[in-house]
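Structure record follows, encoded as structure tokens.
Bear in mind that the values in this text are calculations on the coordinates, not laboratory data. Keep in mind it's a predicted model, so treat the numbers as computed, not measured. Positions of Cβ are generated from backbone atoms using ideal geometry, with glycine treated the same way; all protein chains shown enter the neighbour counts.
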């Protein structure tokens, strides 16, 4: 198959062009022979020299003899003489006259003149021209019979099946432009396969777009177009194709190239505290985002993996994932409303009322990132007041204590007040405490008297310290027994400095425990 075939030029076209050239040349020669007789010179067929070869018919002896007969058309031909002889034989059986014989003799021997030669040349050129025209008409009719959809389609499909994709694409392209082929999408898809197989990528794309202009949901064309865009790393066109089809009938055609949108670490919604937001995306992708309402792209803020802190107010974030060749995911939008709420009122125990000396005051509900403060002089507490660090002793007398909780945004809870009335009690002296201890030991029959044990041994009481054991302040007193010249510790006791209650004490200084005796 010649190379010109791939340029949509058929063999019939070449023949037709050649014949047209021949017609032009023959016409020129004929004009040269039938022109002005005075200008004619038989010996110079190259007078007209325009760069083309002139074809001059050769005048043979046979042609000259025929022309002699034509020139003597007014005289009887040999055939006519013969016919006449027959007639004469039939009618009169007479021999031809001498005059007729002379005419016949002259017809066969007389040479041709210049005019006769011109006529013969013109007739020859005319016959050649007619023959050429007949050939052209025949070729044109044959060509016309082939210039139709069925011929192009069948020839193209045959060449395609043979693996001759270049020639097949030429025929199928012509078939696709015929009325029957414009909407034959299977034909066009085969044409795409030809271009694709022969490496003509641009034409392959054009054919696929043409198919989709007739049927936008032609799935094979969508998938083929996506494949080409991916191989070319044409991210813009691939992104547009994905966004058009990923939620429609042809979602399967683009599913392999869909980039998953980013996800956020916090669900959109309302919060009463700071929000620290993080994004995650598929491996090989990065996230770009905006907070000004614009659509994100690679010129937007690149998420670097650190938390994005959202403060008070409403924040709208648009984010998109982009893969390594630049294909975009869907844009996702997150809206967060941050309204810092004041802390709840402090829960203070015990409630207001009359209490004995030694009661404790406690706040039970301090949230994270918050602190509590209090005053005992009737003023409203602030962050400059006494900070609550743990339960503390209820002050004696009649006291109003005000409490508040303040968060890290300097928002304050409502103020809670408590009114405590604590009666002041007498405090036992050490001697009173020791006397109280001896009385209890005598009642328990540990002692016979203040100085003698129940078994007759001597006794001794030693002051250790005045300290708090649990919630009670006590005198710690050691009880020794003296027997046989030696002293032995028989017990450790505590006497409450307020109530005078006696306790048995165990442990050592700083870690005593007491049990009422």
- Note on the structure: Mean shadow area (nm²) of the C-alpha convex hull around segment 306-457 is 19.4
- Query: Counting only Cα, what are the radius of gyration and maximum Cα-Cα distance Dmax of segment 470-517, in Å?
  - Reply: 12.1, 40
- Message: Between residue 291 and residue 349, what's the calculated FRET efficiency when r is the beta-carbon distance and R0 is 41 Å? Round to 0.05.
- Response: 0.35
- Task: Please arrange 403, 392 by counting, for each residue, the other beta carbons lying within 10 Å of its beta carbon, fewest first.
- Result: 392, 403
- Kirkwood Rh, segment 430-516, all Cα pairs: how many Å? 13.0
- Message: I want to check the label-to-label distance for residue 301 and residue 233. Put each point 7 Å from Cα in the C-beta direction and report it in nm to one decimal.
- Response: 3.0
- Which distance in nm do the two modelled labels at residue 455 and residue 260 give, with both placed 7 Å along the Cα-to-Cβ direction? 8.3
- Task: Taking every Cα atom in segment 263-338, find the radius of gyration and the maximum pairwise distance Dmax, and write them in Å.
- Result: 12.3, 41
- By Cβ neighbour count within 10 Å, fewest first, 394, 157, 474 rank 157, 394, 474
- Item | FRET efficiency, 1/(1 + (r/R0)^6) with R0 56 Å, evaluated for residue 337 and residue 421 via beta carbons | 0.75
- Message: Restricting the calculation to Cα positions, tell me the Rg (one decimal) and the Dmax (whole number) of segment 147-306 in Å.
- Response: 22.3, 79
- Query: Stretched out fully, how many nm does the piece from residue 499 to residue 463 gain, at 0.36 nm a residue minus the Cα gap?
  - Reply: 11.1 nm
- Task: Pull out a ≥ b ≥ c, the square roots of the eigenvalues of the alpha-carbon gyration tensor of segment 348-422, then state rounded if a/c is under 1.5, prolate if not and a/b is larger than b/c, and oblate in the remaining case.
- Result: prolate
- In nanometres, what is the gap between the two model label sites at residue 386 and residue 482, each 7 Å from Cα along Cα-to-Cβ? 4.8
- Message: If neighbour count is taken as other Cβ atoms inside 10 Å, put 339, 359 in order from fewest to most.
- Response: 339, 359
- Message: Can you give the FRET efficiency to the nearest 0.05 for residue 432 and residue 508, using r as the Cβ-Cβ distance and R₀ = 41 Å?
- Response: 0.95
